[in-house]
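Structure record follows, encoded as structure tokens.
The values are calculated or read from the model by the stated rules, or taken from the named source; none is laboratory data. Just so it is clear, the model here is predicted, and its values are computed rather than measured. In this analysis, Cβ positions are derived from the backbone assuming ideal geometry, glycine residues included, and neighbour counts consider all displayed protein chains. The protein model used for the area step is the full one, side chains on, heavy atoms only, and it has no ligands, DNA or RNA in it. Shrake-Rupley method; radii C 1.70, N 1.55, O 1.52, S 1.80 Å.
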Amino acid sequence: MTGAIDYAVAGPLTSIDALHKPMLEDLPSDPVEICRVVHDLVIQPTDAKSLGVPAERFAENQHRRVDELIGALLALDPAPVSVPRAPDRRVIGTCRHFAVLSCALLRYRGIAARARCGFATYFQTGQGVDHWITEYRHDGRWLRIDTEILGGSLVAKPEDLAAGEFLTGGEAWIAFRDGDIDATHFGVYGTDNWGPAEIRGNAIRDLAAVNKVEMLPWDEWGRMEASYKGETGPDYDELIDTIAAACATDDPRAIADLYASEDLGVPPALLR
């Protein structure tokens with residue numbers, strides 16, 4: 001691969017079917033307003049459960065492709081996507097779905113955007129909690145926006161996250177390797193899944209996301225499962241070092257080559 005990755009056009013998981021495009025005609029053109037639309041289209045499983053949403057709907061959070069998400073949303077309410085939904089009429093998804101749907105709609109409007117996988121430091125004091133956000137290009141820099149918490153008070157500006165409020169998997173890995181963070185404080189809230197393996201996993205998912213293939217938070221491939229079991233060694237950590245560096249420098253050739261490398265072991269069906 002040569003040249004830059006074109007983040008202003010859809011990837012394999014963020015493309016939108018022509019049948020759904022009429023429902024996007026009233027979509028705003030302002031990036032923050034696009035993300036505000038998404039804020040009212042997705043609901044977290046825990047919130048859906050508290051509303052008594054039928055159990056059969058919880059499989060909605062397994063959708064990888066944005067087109068599947070939009071289809072599920074329109075099946076619940078056929079109104080244009082720009083129309084806010086009542087909480088029980090929103091598609092059930094994780095932070096990844098907020099981020100990736102935002103990314104897809106930004107790209108639909110021709111705005112360079114990408115989802116990022118990593119850790120938020122604003123949910124629990126002293127902890128980096130497994131999380132996804134969206135970036136979009138503005139005035140020559142990437143702005144980080146957390147669609148899920150727009151309108152809230154967790155941070156001063158959820159539409160322009162400050163440095164350190166969110167760390168990509170690669171950024172967290174570099175900080176861990178440099179001794180700047182305690183990896184045992186980074187992981188998945190409400191589980192026992194904390195530590196270096198969680199950072200490794202999110203560094204790999206973030207590499208896939210910047211390669212425009214936005215996996216589900218629980219997708220695993222290559223040696224990821226072995227890493228979670230503590231069965232990898234220094235060579236795998238060195239691979240994560242390389243991944244973190246490539247993502248930090250936005251090197252498109254390195255990003256594409258690493259994603260397709262045998263060392264990473266991405267299944268052929270997930271290569272683009």
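On the basis of being open to solvent by less than 10 Å² (accessible area, probe 1.4 Å) and aromatic (F, W, Y), does Y259 make the cut?
On the way: open to solvent by less than 10 Å² (accessible area, probe 1.4 Å): yes; aromatic (F, W, Y): yes.
Here the answer is yes, as Y259 does meet what is asked.
Among the residues of region 239-252, is there at least one that is more than 20 Å from the chain's Cα centre (by Cα), at pLDDT 95 or above and either among the aromatic types (F, W, Y) or open to solvent by 30 Å² or more (accessible area, probe 1.4 Å) (or both)? So far as region 239-252 goes, yes, one or more of its residues are more than 20 Å from the chain's Cα centre (by Cα), at pLDDT 95 or above and either among the aromatic types (F, W, Y) or open to solvent by 30 Å² or more (accessible area, probe 1.4 Å) (or both).
Being under 15 Å from I43 (Cα atoms) and not in a helix (DSSP H, G or I) is the filter here; which residues of region 67-79 pass it?
Hit for region 67-79 is D77, nothing else.
Listed residues S82, S102; which is closer than 26 Å to R57 by Cβ, touching a helix residue (DSSP H, G or I) at 6+ places or on another chain (Cβ under 8 Å), polar (S, T, N, Q) and crowded, with 24+ Cβ neighbours inside 10 Å? So that I can check it myself, show each step before the final result.
Working: S82 fails: crowded, with 24+ Cβ neighbours inside 10 Å.
Among S82, S102, only S102 is closer than 26 Å to R57 by Cβ, touching a helix residue (DSSP H, G or I) at 6+ places or on another chain (Cβ under 8 Å), polar (S, T, N, Q) and crowded, with 24+ Cβ neighbours inside 10 Å.
The rows are residues; the columns are (1) under 26 Å from A4 (Cα atoms); (2) of a type in the set (A, V, I, L, M, F, W, C); (3) in contact with a strand residue (DSSP E or B) (Cβ under 6 Å, 6 or more places away or on another chain).
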site	(1), (2), (3)
R141	yes, no, no
I149	no, yes, no
A156	no, yes, no
I174	yes, yes, no
D178	no, no, no
R205	yes, no, yes
A208	yes, yes, no
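Is there a residue in region 133-153 that is on the phi > 0 side of the Ramachandran plot and buried (at least 16 other Cβ atoms within 10 Å of the Cβ)?
Residues of region 133-153 that are on the phi > 0 side of the Ramachandran plot, as a first pass: 139-140, 151.
Still in the list and also buried (at least 16 other Cβ atoms within 10 Å of the Cβ): none.
Within region 133-153 (the criterion being on the phi > 0 side of the Ramachandran plot and buried (at least 16 other Cβ atoms within 10 Å of the Cβ)), the answer is no, since none of the residues qualifies.
If you go through region 177-191, how many residues are part of a loop (DSSP other than H, G, I, E, B) and surrounded by 13 or more Cβ atoms within 10 Å (Cβ to Cβ)?
The number of residues fulfilling the criteria is 4.
The lone criterion from (1) under 12 Å from L13 (Cα atoms); (2) not in a loop (DSSP other than H, G, I, E, B); (3) not hydrophobic (A, V, I, L, M, F, W, C) left unmet by R64 is number (2). A single member of E231, E214, E238 is over 29 Å from E68 (Cα atoms), charged (D, E, K, R) and assigned to a loop (DSSP other than H, G, I, E, B), and it is E231.
Among the listed residues L167, L207, identify the single one that is open to solvent by less than 10 Å² (accessible area, probe 1.4 Å), in contact with a Phe, Trp or Tyr (Cβ under 8 Å, 6 or more places away or on another chain) and under 30 Å from Y136 (Cβ atoms).
It is L207.
Does G187 satisfy the condition of being free of Cβ contacts under 8 Å to residues at least 40 places away in the same chain and not acidic (D, E)? Answer is no for this residue.
Counting only residues that are among the aliphatic types (A, V, I, L, M), in a loop (DSSP other than H, G, I, E, B) and either open to solvent by 50 Å² or more (accessible area, probe 1.4 Å) or modelled with pLDDT of 95 or more (or both), how many does region 1-60 have? Reasoning before the result, please.
Residues of region 1-60 among the aliphatic types (A, V, I, L, M): 1, 4-5, 8-10, 13, 16, 18-19, 23-24, 27, 32, 34, 37-38, 41-43, 48, 51, 53, 55, 59.
This time we only want the ones that are in a loop (DSSP other than H, G, I, E, B), so: 1, 4-5, 8-10, 13, 16, 18-19, 27, 41, 51, 53.
Cutting the leftovers down to either open to solvent by 50 Å² or more (accessible area, probe 1.4 Å) or modelled with pLDDT of 95 or more (or both) gives us 1, 4, 8-10, 13, 16, 18-19, 27, 41, 51, 53.
Matching residues across region 1-60 total 13.
Would region 219-228 turn up any residue that is aromatic (F, W, Y) and surrounded by fewer than 19 Cβ atoms within 10 Å (Cβ to Cβ)? Write out each step before concluding.
Taking region 219-228 first, the residues aromatic (F, W, Y) are 221, 228.
Still in the list and also surrounded by fewer than 19 Cβ atoms within 10 Å (Cβ to Cβ): 221, 228.
Within region 219-228, one or more residues are aromatic (F, W, Y) and surrounded by fewer than 19 Cβ atoms within 10 Å (Cβ to Cβ).
Would you call W194 hydrophobic (A, V, I, L, M, F, W, C), out of contact with any helix residue (DSSP H, G or I) (no Cβ under 6 Å at 6 or more places or on another chain) and open to solvent by 10 Å² or more (accessible area, probe 1.4 Å)?
Values: hydrophobic (A, V, I, L, M, F, W, C): yes; out of contact with any helix residue (DSSP H, G or I) (no Cβ under 6 Å at 6 or more places or on another chain): no; open to solvent by 10 Å² or more (accessible area, probe 1.4 Å): yes.
For W194, the condition - hydrophobic (A, V, I, L, M, F, W, C), out of contact with any helix residue (DSSP H, G or I) (no Cβ under 6 Å at 6 or more places or on another chain) and open to solvent by 10 Å² or more (accessible area, probe 1.4 Å) - is not met.
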